[in-house]
Amino acid sequence: MPSSVAPAYTLEQTGSGSLHIHLQGDWTLNSPVPALDELAQALNSAIATLVVNGAELGKWDTRLLLFLQQVTALAHEHSLTLEEKALPAGALRLLRLSRQADGKGPGSHGEQGPFLHRVGTRALALYKSAAGMATFTGEIVLEILRLFTGKSPFRMRDFLYFIQACGVESLPIVTLIAVLVGVILSFVGAVQLQMFGAEIYIANLVGLGMVLEMGALMSGIIIAGRIGAAYAAQLGTMQTNEEIDALRTMGISPTGFLVLPRLFALALMMPLLCVYADVMGILGGAFIGYTVLDLSLSEFLNQAIKSVNLYHCFQGVAKSAVFGVLIGFAGCLRGMECGRSAMAVGEATTSAVVTSIVFIVISDSILTIIFNVL
């Protein structure tokens, strides 16, 4: 076997403000690492760019990556632009992954950089997020149009499965939360209304509170945590396993095959869950009225029915339908945007829940204002 050549580098400064680092020899763990003292001493105010040239490079392993990381840190310390030239493709990929992990790529200021840099970075990230959201919305609209023409890969079997997952399997947790919300509303109202001998109006408070707001809101938040997170985790795992790429390769639209069944199932089941939560909440309030306030069950229910009309019910159901669409949209969006690692799946799941709750609160405020104006 031929003997290895000791690793070394030579420096060449050009008139354009660039300092070229020519790598030579075999950069392996069996060889000593050349010191950076010569490179550090060669840096001056006239140099703006460091160019690492691997044209004369021999064998390499982790030793080369460690040296390149040191060069990257030196360039970052002196605010220099770093360029790689003729380096092995594998080394560049590993170096890129390392820079992404520690957030210290060439010219990067990180989270502690100048204020304007951080503002610009956040603004670009926000723009990219808004553009991705708009693109995803357009894909869904186009896929719905394809569904009407019979060209979408939408499968009824998947749709029925997600109806079961969103609806029937969500009933226990929705029942528990809705009953407890009704109980809390009854106790909160009882503290004040008992002072005036108006305990009967607890039924009005619970009925209107559940039908107008709490039924839709609480069921929406529950479904965001249970179903929205599940959608993001499922699609994110498929993204990690390259299953979505495989669908595209086979000419199958991931939006029609994966997103539409989930979105439609949630949009259909959320109003039904809202009505169910309203009923459970009123029954929870009636239980407190019967056991604590000495109100008969029939008296409580009659008073609640008198205080609620069809328009109130329409408001709650309409809100829940919007919440269902937004939760499905957020969960599928974050899942489709997921990276290709286990950590990315966790981040996508968390982001899906947060995005869903933000959408719910904002849309609830807007719809409340619209309904009050109407």
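Let me check the size of segment 172-275 from its C-alpha atoms; what are the radius of gyration and Dmax in Å?
Over segment 172-275's Cα set, Rg and Dmax evaluate to 20.6, 70 Å.
For segment 130-245, with all protein chains present and a 1.4 Å probe, just round the carbon and sulfur fraction of the accessible area to a whole percent. Don't jump to the answer; show the numbers that get you there.
Values: 4030 of 5670 Å².
Looking at segment 130-245 in its full context, I get 71 percent from C and S.
What number results when the radius of gyration of segment 1-79, computed over Cα atoms, is divided by 2.2 N^0.38 Å?
Against the compact-globule rule of thumb, the ratio is 1.12.
Using a simple charge model, +1 on the beta-carbon of Lys and Arg, -1 on the beta-carbon of Asp and Glu, nothing else, what dipole does segment 96-237 show about its Cα centre, in debye to the nearest 20? All intermediate terms of the calculation are to be shown ahead of the outcome.
Working: 11 positive and 8 negative charges, 161 e Å.
About 780 debye.
State the percentage of accessible surface on segment 1-52 attributable to carbon and sulfur atoms; use a 1.4 Å probe and exclude ligands, DNA and RNA.
Details: 1510 of 2840 Å².
After summing per-atom areas, the C and S share lands at 53 percent.
Kindly report the accessible area of the chain per residue (heavy atoms of protein chains, probe 1.4 Å, no ligands, DNA or RNA), in Å². Let's see the in-between values first.
On the way: 19580 Å² over 374 residues.
On a per-residue basis, the chain sits at 52 Å².
Need one number: the % of Cα-Cα pairs in segment 284-365 sitting beyond the 20 Å mark.
That tail contains 58 percent of the Cα-Cα pairs.
How big, in percent, is the set of alpha carbon pairs in segment 141-203 lying more than 16 Å apart?
Counting pairs separated by more than 16 Å, the tail of P(r) holds 68 percent.
Among Ile47, Ile305, Ile200, which one shows the biggest mean-square fluctuation in a GNM of the chain, springs joining Cα atoms closer than 10 Å?
Sorting by GNM fluctuation, first place goes to Ile47.
Test of understanding: in a Gaussian network model of the chain with alpha carbons linked when under 10 Å, which of Val308, Val71, Val361 would top the mean-square fluctuation ranking?
Val71
So if I take the alpha carbon set of segment 198-332, get Rg, then get Rh from the Kirkwood formula, what is the Rg over Rh ratio?
Details: Rg = 19.9 Å, Rh = 16.6 Å.
Value, to two decimals: 1.20.
If the viscosity is 0.692 mPa s and the temperature 37 °C, what translational diffusion coefficient in µm²/s does Stokes-Einstein give for the chain when Rh comes from Kirkwood over Cα pairs? Could the numbers behind the result be given before it?
On the way: Rh = 25.5 Å.
Estimated via Stokes-Einstein, D reaches 129 µm²/s.
Given a 10 angstrom Cα cut-off, can you work out which residue in Pro261, Pro114, Pro153 is the most mobile in a GNM of the chain?
Checking each option, the largest mean-square fluctuation is seen for Pro114.
The values are calculated or read from the model by the stated rules, or taken from the named source; none is laboratory data. Treat the numbers as computed from the prediction; the structure is a model and nothing was measured. Methodologically, a virtual Cβ is constructed for each residue, glycine included, from the backbone with ideal geometry; neighbour enumeration extends over all protein chains shown. For accessibility, only protein heavy atoms count, side chains too; no ligands or nucleic acids. Shrake-Rupley method; radii C 1.70, N 1.55, O 1.52, S 1.80 Å.
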